[in-house]
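Report on one structure; see the data block that follows.
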């Protein structure tokens, strides 16, 4: 069941909530809000893609396109919010690192003015290793998809 607050509204996490869950910061924080949280199951991230993104001047100046690898990173950040939201203590001393990307497909370009919806499902979780399925949509049209895995690593051990 999707998480709801005391008033029955669907829980939506905005910037200040997200930065308490994951270590990413501007210009590499690639999600603006998360919603539709189902603990240990799924989450939806939202990224408003604007012309002011730092990657657009070089990718590509006359035809700006969001790099596919950054769409995958947006999915991963959304997935990290799901993991950290379930156990807030993880965000205090752990980092989430990609361990694999499989079946990545990019179907349509994402350009300035698009709102990217990142629907993430947890496939498996074994101790500190997680596997997810992610789909990215613009106006209900699938633009990218992937399966990916990530591992929680203690910040001190990551040094």
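The values are calculated or read from the model by the stated rules, or taken from the named source; none is laboratory data. The model shown is predicted, which means the values in this text are computed figures rather than measured ones. Using ideal geometry, Cβ is built from the backbone for each residue, glycine included, and neighbour counts are taken over all protein chains shown.
Yes or no, residue by residue, for (1) at pLDDT 95 or above; (2) in contact with a strand residue (DSSP E or B) (Cβ under 6 Å, 6 or more places away or on another chain); (3) not in a strand (DSSP E or B):
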residue: 113; (1), (2), (3): yes, no, yes
residue: 120; (1), (2), (3): yes, yes, no
residue: 130; (1), (2), (3): yes, yes, no
residue: 135; (1), (2), (3): yes, yes, no
residue: 151; (1), (2), (3): no, yes, no
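In the set (1) part of a helix (DSSP H, G or I); (2) loosely packed, with under 15 Cβ neighbours inside 10 Å; (3) modelled with pLDDT of 95 or more, residue 28 fails one condition alone, (1). Here is the figure for the range 66-111: residues that are surrounded by 19 or more Cβ atoms within 10 Å (Cβ to Cβ) and outside any helix (DSSP H, G or I) total 4.
Scanning the range 32-65 for residues that are part of a loop (DSSP other than H, G, I, E, B), under 30 Å from residue 11 (Cα atoms) and more than 13 Å from the chain's Cα centre (by Cα) returns 39, 40, 41, 49, 50, 51, 52, 53, 54. If we scan the range 58-79, do we find a residue that is within 18 Å of residue 155 (Cα to Cα) and touching a helix residue (DSSP H, G or I) at 6+ places or on another chain (Cβ under 9 Å)? There is at least one residue in the range 58-79 that is within 18 Å of residue 155 (Cα to Cα) and touching a helix residue (DSSP H, G or I) at 6+ places or on another chain (Cβ under 9 Å).
Please tell me if residue 47 is in contact with a strand residue (DSSP E or B) (Cβ under 9 Å, 6 or more places away or on another chain), at pLDDT 95 or above and within 15 Å of residue 111 (Cα to Cα). Considered against the rule, which asks whether it is in contact with a strand residue (DSSP E or B) (Cβ under 9 Å, 6 or more places away or on another chain), at pLDDT 95 or above and within 15 Å of residue 111 (Cα to Cα), residue 47 comes out as yes. When 131, 159 are checked against the criterion of being buried (at least 16 other Cβ atoms within 10 Å of the Cβ), farther than 19 Å from residue 28 by Cβ and out of contact with any helix residue (DSSP H, G or I) (no Cβ under 9 Å at 6 or more places or on another chain), a single residue qualifies: 131. Within the range 1-25, if we keep just the residues that are part of a loop (DSSP other than H, G, I, E, B) and in contact (Cβ under 8 Å) with a residue 60 or more places away in the chain, the residue that is farthest from residue 89 (Cα to Cα) turns out to be 23. Assessment of the range 45-64 against the conditions (surrounded by fewer than 15 Cβ atoms within 10 Å (Cβ to Cβ) and closer than 15 Å to residue 145 by Cβ) yields no matching residue.
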